[in-house]
Structures are given as structure tokens and as C-alpha cells.
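Participant: Sharing a structure below in C-alpha cells format, with a few things to ask.
The values are calculated or read from the model by the stated rules, or taken from the named source; none is laboratory data. The structure presented is a predicted model; accordingly, all values stated were derived computationally and were not measured. As a convention, Cβ positions derive from the backbone with ideal geometry for all residues, glycine included, and neighbour counts pool all protein chains shown.
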């Protein structure tokens with residue numbers, strides 16, 4: 001009897017279900033040699049059957065065909081990956097599945113792929129996938145707590161990756177999300193305890209009321225470490241536990257290294273004079289370990305005190321989330337509080353007209369004993385009145401005529417957008433800024449007038465802008481100058497703040513009072529500008545610092561180079577799909593960084609392996625940056641050291657989109673033609689302003705066309721106001737609901753990949769904290785941040801502040817020595 005393939009399949013299923021495996025196999029063998037003729041159901045059945053017999057070759061080919069034909073990926077993907085692993089096939093076969101499938105609804109399978117990428121050494125790919133999964137699973141877990149098992153799996157995967165990259169603050173943040181889970185959600189207790197051991201988070205775990213019950217699930221070496229910590233926290237450390245720890249040899253290498261740090265701690269606690277024996281070896285083996293760092297710092301303090309400061313400055317950012325590290329860093333400074341000269345702060349105040357508890361409208365009045373200067377005059381974002389509310393001047397009995405100067409930190413509109421308004425009120429007010437800031441202001445302020453188009457009659461005109469710019473007095477970094485004020489004068493010094501071209505932090509001194517306003521700043525070096533560097537002996541009584549990333553968890557704490565690698569990996573993934581990536585970017589600073597990141601990533605190739613188009617104000621700003629690079633001033637020298645490149649930003653595959661299309665009436669080649677002929681075929685990157693996809697901006701026009709195609713990506717790289725179109729798109733994309741979005745006036749379905757990176761020009765939470773501890777002010781004002789927002793934990797027994805402490809919480813242990821004030825708009829703060 002000759003059977004069809006369908007008959008063979010039905011017979012195979014029938015016999016297999018009844019336990020006649022060998023008889024079923026005869027029919028499956030007929031199917032095995034005819035895989036290309038089977039439908040997806042047949043391929044799935046073949047894969048599952050031969051998987052039981054560990055015939056990986058058949059499983060692999062059947063599963064691959066099934067995936068290609070659109071079969072059930074939830075069944076086929078695990079079979080494909082398991083057989084791929086057993087066959088030890090080429091890595092390209094694993095990457096194939098990433099290109100083939102849309103993993104939006106295959107979270108567990110996506111996590112499985114990420115794990116294998118990690119094992120194969122493709123850690124950047126694994127990391128970017130892990131971040132995507134982590135965000136998605138956390139949102140899902142908030143809505144549906146029954147999905148806790150997948151949540152724990154994804155968070156543990158992130159912990160492992162963050163630890164591997166030496167990003168300890170993020171690793172501990174993720175561990176704390178798990179060790180404080182409600183007991184009914186707490187699975188994989190052994191693994192959680194293991195990572196809590198390595199990351200010095202065991203005290204939180206063993207102090208849980210239900211620890212005795214949970215500890216029953218912990219075995220082996222991990223159990224001994226947990227028992228040791230449990231006794232340690234209860235101050236009942238027994239001789240038996242110590243002897244066990246001393247004689248044990250842990251199988252896990254990382255845990256064995258940790259055991260040695262415990263032995264060093266015990267030796268120190270017992271008062272042994274040679275407690276630090278082997279400390280150099282311990283330090284070399286686990287350079288990112290908190291306990292080892294604290295012990296090594298104690299050794300330096302006792303034996304090599306001259307090395308202590310430099311050591312802590314390097315190591316502190318890794319551990320800035322821990323009270324032990326904060327106290328040690330504070331105490332190691334030679335400039336003790338007792339050595340400070342007491343400063344009379346009577347009749348001194350700071351008034352925040354804008355830029356306090358949120359980003360936008362930055363403008364701060366400094367008043368010292370009858371002398372007054374204004375710092376910045378920015379534009380509010382998405383508010384009815386664009387300029388700061390200066391009515392508080394009247395309440396103080398002051399007018400603009402009594403101000404000594406207006407000092408500008410940098411060109412971004414949230415710091416400069418109201419300067420023409422102030423200038424119109426008082427045209428003879430001295431205004432100071434660096435030359436690059438003035439040039440960038442010209443572009444941005446003129447653009448603001450054009451965009452307004454007369455809609456707001458209170459808005460300044462282009463003539464007002466010109467008059468304002470002509471009145472600005474140029475300053476140079478590190479060169480102090482005097483601003484007259486009655487019978488005294490302000491001593492003003494600008495220091496490069498590392499934010500954008502020309503950006504500066506401002507140090508003020510008058511009547512024995514010194515104030516540092518950081519403006520927006522970056523500690524990390526960027527491609528275009530170097531990071532903030534202040535004199536080591538700078539005297540600061542009052543510090544006003546931005547706190548953009550000081551309150552909510554972001555990947556801003558991930559080191560800059562790692563963030564760039566993740567971004568490039570995303571670009572490659574989009575190009576692999578023959579898509580186009582839109583990168584909405586601030587025209588000043590962010591756009592130039594992105595261009596150089598892309599060019600640097602592919603510097604070994606003569607041309608970029610994709611087209612890189614610039615649009616909006618980006619092109620003109622690049623030309624200003626280029627001019628300063630040619631003058632060898634302000635720009636980071638490493639950005640223009642490539643002798644084989646004729647241009648810093650252009651050439652090598654980078655071109656201005658406006659040089660190709662025209663918006664002029666009756667033009668023969670319009671923007672729509674450009675999109676159809678150049679962009680929609682794929683293999684393009686577009687860097688265009690605005691960074692928030694403001695309506696009718698260049699970036700919004702691209703997004704309108706690209707957002708509806710699955711092969712494309714819209715990649716945000718910086719801060720977005722909550723009212724901006726860009727923020728709305730991110731929120732909709734993250735909601736996982738099939739909602740449309742209104743984009744540039746058009747109703748659009750979100751099918752493109754929407755993602756966000758923090759290629760930030762701002763300091764991280766840890767870096768802000770370190771700056772505060774370095775300058776040791778009497779009082780700190782936090783501004784340009786969202787002081788009242790906190791991380792909201794999910795299904796935990798403690799609050800979010802315990803899991804992710806904000807800048808304010810981290811500074812709480814020092815509250816007797818540093819007064820920390822989160823600034824709010826419309827408030828005057830007296831300094832005495």
C-alpha cells in the first residue's frame with residue numbers, strides 16, 4: 001500500500017500517542033526524507049519526535065524549515081536552538097534566527113537566544129537583547145504578576161551581564177529588585193542568593209522575616225556564605241562557621257575569590273597585624289568587588305595614604321550606590337570640614353525663576369550681600385509662556401536694572417531661549433558667554449523666531465536676536481574676569497563643562513562667598529568635547545548642580561563606550577533587515593556625537609556601509625563645530641586627529657539631505673521624491689533635528705514615512721519632555737497595545753522598532769554624587785531634574801527608594817555635614 005505524506009503523518013501521530021514509538025518511527029522516517037514537502041504542522045511534529053531521540057540533525061533542519069514557513073515559533077525556536085547547540089554548528093545559524101523572526105511576542109524565546117549569544121561570546125548582542133527583554137518583561141510583570149518566573153529569569157540574566165561589564169551599580173540595582181520580591185514571587189532562590197553574595201547584597205536578603213524558610217532552598221557553598229552573613233548581621237558569628245569558611249574550597253571560581261575577601265575581613269576584625277596579607281592578589285583578581293575595594297582602601301589608608309585619594313577617585317563610581325563607599329570617599333579627603341574657613345552667608349540667597357524641578361526655562365538669580373547676577377535665561381518647553389517668570393524680582397524689591405550681569409552657560413534653548421526677552425527689558429545689561437555659544441545661539445534663536453512665525457506676539461523678533469547677540473561679551477575658559485558691582489566686583493571664572501561645544505560651568509566669588517553653577521555637564525569625554533575638569537583646589541561654599549539623571553534608573557550609569565557599542569549594534573541590526581534608522585537628535589551636541597560615533601565605528605572602511613544623511617539644523621551646526629576643530633579650540637583633540645579624513649563630519653558616506661532635495665516651490669526633486677528614491681529602499685541612517693520629533697521638524701517628516709514599516713527603526717538618544725511627540729511614541733510603543741499614533745498630523749500605525757539609548761551629555765547619578773563629594777560644599781542645590789520622581793518597585797516588600805536610591809537618598813548619611821536642597825521654580829532660598 002502506497003501512503004501519501006499526510007497519511008504517514010497521521011499514522012505516525014496515532015502510533016506515537018499510543019506509545020508505539022518504533023512503529024511510529026517507521027512513518028516519521030518517511031517524512032524525514034521529505035521535509036521540503038511537509039507543511040508547518042508536519043515539520044513541527046517531526047522536530048518534536050526526533051528531539052526525543054536526540055537526532056539533532058533532523059530536528060535542526062525540520063525546525064528551520066518550519067520557522068521559514070511561519071510555523072509556531074514558540075515550539076520551533078527552542079528546538080532549533082537546542083539542536084544548533086548539540087550540533088556545534090556555525091554561529092551564523094544562530095544569527096539567522098534573529099534576522100528571520102520578529103520576537104515582539106516571543107519573549108521567552110528571545111531570552112533563550114540572548115543566553116546563547118552570551119555563551120558564544122557575543123556579549124554586546126546579548127546585552128542589547130537583554131535590555132530590550134528586561135524592559136518588556138518588567139512592564140508585563142507590573143500588569144500581570146503571575147509572570148514572575150520569566151521576570152526573575154530576565155533580571156538574573158541582566159545581573160550577570162552588568163557584573164561581567166563591571167557595571168556594579170546597575171547589577172546591584174537588578175539584584176535588589178529580586179531579593180526584595182514578595183515571597184510568593186521569589187523563585188530561583190539559589191541563584192538570587194549567589195548573586196547577592198557576589199554583589200554584597202546578602203544583608204538585605206538574610207534580614208527578611210521569611211529568610212529561615214527561604215534558606216531551605218539554598219544549598220552548597222552559597223548556603224555557607226549566606227549562613228556566614230546571617231550570623232554576621234546578627235552579631236553572633238560562631239567559631240564553627242569561621243572554621244568552615246577557612247577550610248572550604250568553593251567550586252565556583254567567583255565565589256572562591258569572594259571567600260578569600262571574607263577571610264581578609266575576618267583577619268582584620270580579629271585584630272591581626274598582617275590582616276592585609278595577599279591584599280594585592282585579591283585586588284587584582286576581583287577589581288570590581290565592593291568588599292575587596294573597601295579592604296584595599298583600608299590597607300592604603302594605613303600603609304600608603306598618599307595613594308588613597310587617587311584610588312578612590314577611580315573606584316568610587318562603581319560603588320556610589322552603597323553607603324559604605326560614600327562614607328569612605330567622604331572621609332578620605334584631606335580637606336576636612338574642620339579646615340574650612342567659616343563663610344558669612346547672611347543676606348545671601350538663590351532664586352530659581354526656572355529650571356528647578358524640571359528641565360526648561362533655566363534662570364537663576366544669585367544674590368550676595370546686595371550684589372545680583374543672573375545665570376542663564378532659558379525657554380520653557382511646551383508651556384504657554386515661553387520665558388521664565390521674573391515676577392519674583394518685584395517681590396524681592398528688585399528690577400532688572402539692579403542686576404550686574406547675565407552669565408550664560410551654554411547654547412541649548414532651555415538655557416538661552418529667553419535671553420532676547422531679558423535684553424529687550426534692559427538693553428545695557430552686560431551678557432557673557434563663550435564664542436562658540438554665541439555662534440550656536442545665533443542659529444537656534446533665529447530658528448525659534450522662524451518656527452514661531454508670529455504665532456506668539458510676545459515672542460522676540462529676528463532684529464531682537466541680532467541686537468542681543470551684538471551685546472554679548474566673549475569669555476575664555478580658565479581666565480577669570482571681573483564684573484563690577486557697586487563698590488565691589490564679582491570674580492567670574494568659566495570652566496569647560498563637557499556638555500556641548502562652548503559649554504561652561506561658572507565659578508563666582510564675591511564678599512568672601514564662592515558659588516559654583518555647573519550648568520549642564522558631562523564627566524565622561526565625548527567624541528566632540530572633553531569632560532568637566534575643575535581645579536583640585538577650587539573653593540565652593542554653595543554648589544548648584546544639574547541632576548537630570550539623579551532620580552530614576554536609566555542606563556546613563558553604563559559607561560559611555562558601552563552605550564556606544566550598544567547603539568552601533570542596533571544600527572547593524574537595522575541594516576541587516578535592509579531598513580532605515582531615523583535618529584532624532586538635538587541639533588547642537590547630540591547630533592555631532594552620533595555622527596562621530598558612527599564614523600568611528602566603521603573607521604576601518606573607506607566609506608560607511610550605509611548612507612548617512614543629515615537634515616534640519618544639524619548640517620549648519622556641524623559646520624560651526626568643524627570650524628572650531630580646524631582652529632584646534634574647544635573641540636576634543638581626539639575628534640580631529642584622523643589625518644586621513646578631509647572633514648570631521650562630512651565625507652566618507654555622510655551628506656546633507658538638503659543638498660539633494662529641495663522644498664522650494666516648483667522644485668523638480670522634493671522631499672517626497674527623496675524619501676521614495678533614497679530612503680525607503682533601506683540601508684540608511686538619518687540624523688535629523690528635532691530630538692523630540694517636534695511637529696513639522698525635519699525628524700518628524702522622516703518619522704511620518706518610516707514609522708509604519710517593520711524593517712525600520714526610530715532610535716532616540718537623549719532626554720525627551722513628557723509632552724513631546726517623541727515621548728508619546730515611546731510610551732505607545734512600550735504599551736504593547738496596537739494603537740495608532742498621530743505623527744506630523746497624520747494617523748500612523750507603529751510598526752517600526754522604537755528604542756531609546758542614553759548617549760547622554762549629562763552626568764550620571766554616580767558622577768553627580770562624586771562631584772558633590774569632591775567639592776565639599778556647605779550646601780547643594782539640585783536643579784534641572786525631577787526631584788519628586790522615584791523608581792516604583794513591582795511586587796516587592798520594600799519601597800523603590802530602597803531598591804534604587806535617588807541622589808537625595810544617597811546623600812542622606814551626610815545630612816549633618818552637607819545640606820541638600822532640591823530646588824523648585826518660583827522659590828527663593830536663603831543661604832544662612
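Participant: Mind checking which residues of the range 167-190 are under 20 Å from residue 129 (Cβ atoms) and touching a residue at least 60 places away in the same chain (Cβ under 8 Å)?
Facilitator: Across the range 167-190, the qualifying residues are 167, 170, 173, 177.
Participant: Which residue, of 128, 133, is in a helix (DSSP H, G or I), closer than 19 Å to residue 757 by Cβ and either touching a residue at least 60 places away in the same chain (Cβ under 8 Å) or in the same structural domain as residue 322 (by TED's automatic domain parsing) (or both)?
Facilitator: 128
Participant: Only one of these conditions is not met by residue 54: (1) assigned to a helix (DSSP H, G or I); (2) farther than 25 Å from residue 577 by Cα. Which number is it?
Facilitator: Only one criterion in (1) assigned to a helix (DSSP H, G or I); (2) farther than 25 Å from residue 577 by Cα is unmet by residue 54, namely (1).
Participant: Still on this structure, please answer the following. Take the conditions without any contact (Cβ under 8 Å) to a residue 12 or more places away in the chain, closer than 30 Å to residue 140 by Cα and touching a helix residue (DSSP H, G or I) at 6+ places or on another chain (Cβ under 9 Å) and apply them to residue 119. Does it pass?
Facilitator: Judged against the criteria, residue 119 is a match.
Participant: Restricting attention to the range 578-599, which residues are surrounded by 19 or more Cβ atoms within 10 Å (Cβ to Cβ) and not in a helix (DSSP H, G or I)?
Facilitator: Answer for the range 578-599, where residues must be surrounded by 19 or more Cβ atoms within 10 Å (Cβ to Cβ) and not in a helix (DSSP H, G or I): 579, 580, 581, 582, 583, 584, 585, 586, 587, 588, 589.
Participant: Has the range 380-392 got any residue that is assigned to a helix (DSSP H, G or I) and either on the phi < 0 side of the Ramachandran plot or surrounded by fewer than 16 Cβ atoms within 10 Å (Cβ to Cβ) (or both)? Let's see the steps before the verdict.
Facilitator: Start the filter on the range 380-392 by keeping residues that are assigned to a helix (DSSP H, G or I), which leaves 392.
Next, from what is left, pick out any that are either on the phi < 0 side of the Ramachandran plot or surrounded by fewer than 16 Cβ atoms within 10 Å (Cβ to Cβ) (or both): 392.
Yes, the range 380-392 contains a residue that is assigned to a helix (DSSP H, G or I) and either on the phi < 0 side of the Ramachandran plot or surrounded by fewer than 16 Cβ atoms within 10 Å (Cβ to Cβ) (or both).
Participant: Continuing with this model, one more query. Give the residue, chosen from 520, 541, that is crowded, with 18+ Cβ neighbours inside 10 Å, out of contact with any helix residue (DSSP H, G or I) (no Cβ under 8 Å at 6 or more places or on another chain) and within 20 Å of residue 770 (Cβ to Cβ).
Facilitator: Unique residue meeting the criteria: 541.
Participant: Say we look at the range 430-458 and pick out the residues that are at pLDDT 95 or above and outside any helix (DSSP H, G or I); which of these is farthest from residue 504 (Cα to Cα)?
Facilitator: Taking the candidates together, the pick is 430.
Participant: Which one of these is closer than 20 Å to residue 315 by Cβ and assigned to a helix (DSSP H, G or I): 241, 281? Walk me through it before giving the result.
Facilitator: Working: 241 fails: closer than 20 Å to residue 315 by Cβ.
Checking each option against the conditions leaves just 281.
Participant: Let me ask something additional. Of the conditions (1) in contact with a helix residue (DSSP H, G or I) (Cβ under 8 Å, 6 or more places away or on another chain); (2) more than 23 Å from residue 444 (Cα to Cα); (3) modelled with pLDDT under 95, residue 462 clears all except one; give me its number.
Facilitator: All conditions pass for residue 462, except number (2).
Participant: Go through the range 391-416 residue by residue and tally those that are free of Cβ contacts under 8 Å to residues at least 60 places away in the same chain and under 39 Å from the mean Cα position of the chain (by Cα).
Facilitator: 7
Participant: Shifting gears a bit: Taking the options 193, 238, 219, name whichever one is buried (at least 22 other Cβ atoms within 10 Å of the Cβ) and either touching a residue at least 24 places away in the same chain (Cβ under 8 Å) or touching a helix residue (DSSP H, G or I) at 6+ places or on another chain (Cβ under 9 Å) (or both).
Facilitator: Matching residue, one of 193, 238, 219: 193.
Participant: Which of (1) within 30 Å of residue 771 (Cβ to Cβ); (2) part of a strand (DSSP E or B) is the odd one out, the single condition residue 484 does not satisfy?
Facilitator: (1)
Participant: Could you check how many residues of the range 1-48 are loosely packed, with under 13 Cβ neighbours inside 10 Å and under 12 Å from residue 63 (Cα atoms)?
Facilitator: Adding up the residues that qualify gives 1.
Participant: I've got another one for you. Suppose we keep only residues that are part of a helix (DSSP H, G or I) and touching a residue at least 40 places away in the same chain (Cβ under 8 Å) within the range 417-429. Which one would you say is surrounded by the most Cβ atoms within 10 Å (Cβ to Cβ)?
Facilitator: Among them, the one singled out is 419.
For (1) part of a strand (DSSP E or B); (2) more than 19 Å from residue 780 (Cα to Cα); (3) under 23 Å from the mean Cα position of the chain (by Cα), each residue gets a yes or a no:
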{"position": "460", "(1), (2), (3)": "no, yes, no"}
{"position": "473", "(1), (2), (3)": "yes, yes, no"}
{"position": "478", "(1), (2), (3)": "no, yes, no"}
{"position": "508", "(1), (2), (3)": "yes, no, no"}
{"position": "521", "(1), (2), (3)": "no, no, yes"}
{"position": "528", "(1), (2), (3)": "no, yes, yes"}
{"position": "537", "(1), (2), (3)": "no, no, no"}
{"position": "545", "(1), (2), (3)": "yes, no, yes"}
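Participant: Those residues that are touching a strand residue (DSSP E or B) at 6+ places or on another chain (Cβ under 7 Å) and over 26 Å from residue 762 (Cα atoms), I need them from the range 487-513; list them, please.
Facilitator: 488, 489, 490, 491, 510, 511, 513
Participant: Out of 663, 632, 636, 684, which single residue is modelled with pLDDT of 90 or more and either in the same structural domain as residue 585 (by TED's automatic domain parsing) or under 30 Å from residue 434 (Cβ atoms) (or both)?
Facilitator: 684
Participant: Same structure, new question: Give just the number: which of (1) in contact with a strand residue (DSSP E or B) (Cβ under 7 Å, 6 or more places away or on another chain); (2) over 17 Å from residue 522 (Cβ atoms) does residue 784 not satisfy?
Facilitator: Status for residue 784: all satisfied but (2).
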